[in-house]
Amino acid sequence: MRLDALFEDLESQFAALQDGDLYGEVAERIRAEVGKITLLDRLRGAVGTIVRVELTHAEPVRGELVRVGKDCLLLEAERFEEWLIPVEALTSIHGLGPWAEPAEGAIAAKLGLAHLLRGIARDRSPVTLFCAGPHAHPITGTIDRVGADFIEMAEHPLDAPRRRTEVYNTRLVPTQSLSALRRR
């Protein structure tokens, strides 16, 4: 009888060790898979939810995450505002769920900040740029050109159309200094 109990005890210990090894292996595989998830994957998993983003050189923005590009995100905020935010300008994001989603396809993965900026320039929409820098203040006007690494902006009041008489400055802004763009 005692030997039967000893064998049963050893078998249960062996089964527990196997379960522990399996649990450890599964946990390690999960950690490895989670390690492959990018910030953009997490953001794509939150499309359609209300998030709050904190930016390097602008006030936090709260709105619905509408789209995620290869290097930027688009939020729809209150008062019919759209916010185009480069990923480099993010300091933190609140309100994401637990989901992640890989890039949709080859075309969607290539669309990024430059493509969206060119679309805004083509629309001739008045915008407000928020840029990095210790003395930076919001810049209002219309984007005239988008180069490989810059934005050329005709500065004018937001409530005035882009007319030669309303433009008081033309400013070249390096794309890397862009923290956010707001369009109403």
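See the values below:
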quantity: Per-pair calculated FRET efficiency, R0 = 41 Å: L39 and R171 via Cβ, rounded to 0.05; calculated: 0.85
quantity: Net charge over other residues, Cβ less than 9 angstrom from the Cβ of V66 (K, R count +1; D, E count -1); calculated: -2
quantity: For q = 0.12, 0.14, 0.21 Å⁻¹, Debye-computed log10 I/I(0) when each Cα of the stretch 76-160 counts as one equal scatterer; calculated: -0.48, -0.65, -1.26
quantity: Fully extended contour minus Cα-Cα distance, from A136 to I50, at 0.36 nm per residue; calculated: 28.1 nm
quantity: Added length on full extension, which subtracts the Cα-Cα distance from 0.36 nm per residue, S125 to R164; calculated: 12.5 nm
quantity: Cα→Cβ-extended label distance, 7 Å offset, between L96 and R62, nm; calculated: 2.0 nm
quantity: The stretch 115-184 - accessible surface per residue (Å², probe 1.4 Å); calculated: 58 Å²
quantity: Sites F80 and S12, calculated FRET efficiency, Cβ-Cβ separation with R0 45 Å, nearest 0.05; calculated: 0.10
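The values are calculated or read from the model by the stated rules, or taken from the named source; none is laboratory data. Note that the coordinates shown come from a computational prediction; the quantities given were computed from them, not determined experimentally. Counting neighbours? That spans all protein chains shown, and the Cβs are built from the backbone with ideal geometry, glycine included. These accessible areas exclude ligands, DNA and RNA; they are computed on the full protein's heavy atoms, side chains included. Shrake-Rupley method; radii C 1.70, N 1.55, O 1.52, S 1.80 Å.
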